[in-house]
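The values are calculated or read from the model by the stated rules, or taken from the named source; none is laboratory data. These numbers were taken from a predicted model, which means no experiment stands behind them. Cβ sites come from the backbone with ideal geometry, for glycine too, and all protein chains shown count toward neighbours. These accessible areas exclude ligands, DNA and RNA; they are computed on the full protein's heavy atoms, side chains included. Shrake-Rupley method; radii C 1.70, N 1.55, O 1.52, S 1.80 Å.
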Amino acid sequence: MKPATFLDSTIKEPTLNLNMDYRYLKTGYYISLHAEVLGNRVIPSCENIIDCSRTPILLLRAKLAGIPTLPSVVTDSVKKIISELGFPVVVFAVNPFISEGFKTANNKSALYRAIKSLGMNYKFTVCAQPLKGQMASFKSFFGKCDQQDEAAKQISQKVYELFHIPLCTLHIQRVQEKAFLCGLQTLKKEELSTSDLKVISNEVSLLREQGEPFGV
């Protein structure tokens, strides 16, 4: 069903929200909100949508659930990041207007630029984490990904089990043979390949067979 049709309906059925822009106050968010107002069981929930879009909350819930994470600092202070984490660091936005990607910094000037950019000229704090290995970003569909290492696959599966975000991009940090969750962001339709669409279609079909929600 098309999002506009669903938002104008009063359908009271379990709902699988496949609109990938789950950012707060975007169409995907309103689909889940509308489903919840109708009393429907919906994937993902508004609570999980909001929590996943805020990196510090994402990391806190993930850590409590046993998903590997690294220490993080939420601040707008370069001095605090340097004193607590040192260099290099990876920086994520916390403000609600920036939800894509991250920046890395190997020195003070690069860190100032990252905080200024992601903090919208120091209006918001950022979430900084130590950069101990290599950053990697990949698509996750219903907890499944195309990564070869088992650590990344486990993170993908556990993040879905915890937050139930059907389609997203995960940012992880590989440190030797270990992997740590660093962030999550929404996907864009143009980022999906033909093979991606087949995987999504197969997963939705499997959910239907199991009596789970239908797609919107």
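Among the numbered criteria (1) within 17 Å of L59 (Cβ to Cβ); (2) out of contact with any strand residue (DSSP E or B) (no Cβ under 6 Å at 6 or more places or on another chain); (3) of a type outside the set (D, E, K, R); (4) open to solvent by 50 Å² or more (accessible area, probe 1.4 Å), which one does N106 miss?
(1)
Out of everything in region 66-103 that is among the small types (G, A, S), under 25 Å from Q154 (Cβ atoms) and surrounded by 13 or more Cβ atoms within 10 Å (Cβ to Cβ), what residue ends up being farthest from the chain's Cα centre (by Cα)?
Ranking the qualifying residues of region 66-103, first place goes to S72.
Looking for something surrounded by fewer than 14 Cβ atoms within 10 Å (Cβ to Cβ) and either closer than 28 Å to A4 by Cα or in contact with a strand residue (DSSP E or B) (Cβ under 9 Å, 6 or more places away or on another chain) (or both) - is there at least one such residue anywhere in region 174-189?
yes
Taking Q134 and the conditions (1) under 21 Å from Y22 (Cα atoms); (2) surrounded by fewer than 19 Cβ atoms within 10 Å (Cβ to Cβ); (3) of a type outside the set (S, T, Y), which numbered condition does it fall short on, given that it satisfies the others?
(1)
Take the conditions under 29 Å from I82 (Cα atoms) and open to solvent by 30 Å² or more (accessible area, probe 1.4 Å) and apply them to K144. Does it pass?
When the stated conditions are applied, K144 does not pass them.
Mind listing whichever residues of region 28-43 are over 17 Å from E100 (Cα atoms) and either β-branched (V, I, T) or touching a helix residue (DSSP H, G or I) at 6+ places or on another chain (Cβ under 7 Å) (or both)?
Correct list: Y30, I31, S32, L33, H34, E36, V37, V42, I43.
Can you pull out every residue in region 74-99 that is of a type in the set (S, T, Y), touching a helix residue (DSSP H, G or I) at 6+ places or on another chain (Cβ under 9 Å) and farther than 12 Å from V126 by Cα?
Those that are of a type in the set (S, T, Y), touching a helix residue (DSSP H, G or I) at 6+ places or on another chain (Cβ under 9 Å) and farther than 12 Å from V126 by Cα: none in region 74-99.
Taking helices (runs of 4 or more DSSP H) that fall entirely within region 24-78, which contain at least 2 residues that are touching a residue at least 12 places away in the same chain (Cβ under 8 Å), out of contact with any Cys (no Cβ under 6 Å at 6 or more places or on another chain) and closer than 19 Å to E13 by Cβ?
Helices (runs of 4 or more DSSP H) meeting the threshold: 27-37.
Please specify each residue of region 93-142 satisfying the condition of being basic (K, R) and touching a residue at least 24 places away in the same chain (Cβ under 8 Å).
Listed by number, the residues that qualify are K108, K123, K132, K139.
Restricting attention to region 115-131, which residues are small (G, A, S) and either within 14 Å of C182 (Cβ to Cβ) or open to solvent by 70 Å² or more (accessible area, probe 1.4 Å) (or both)?
If the condition is that a residue be small (G, A, S) and either within 14 Å of C182 (Cβ to Cβ) or open to solvent by 70 Å² or more (accessible area, probe 1.4 Å) (or both), then A128 is the only one that fits.
For region 94-116, how many residues are among the small types (G, A, S) and modelled with pLDDT of 95 or more?
4
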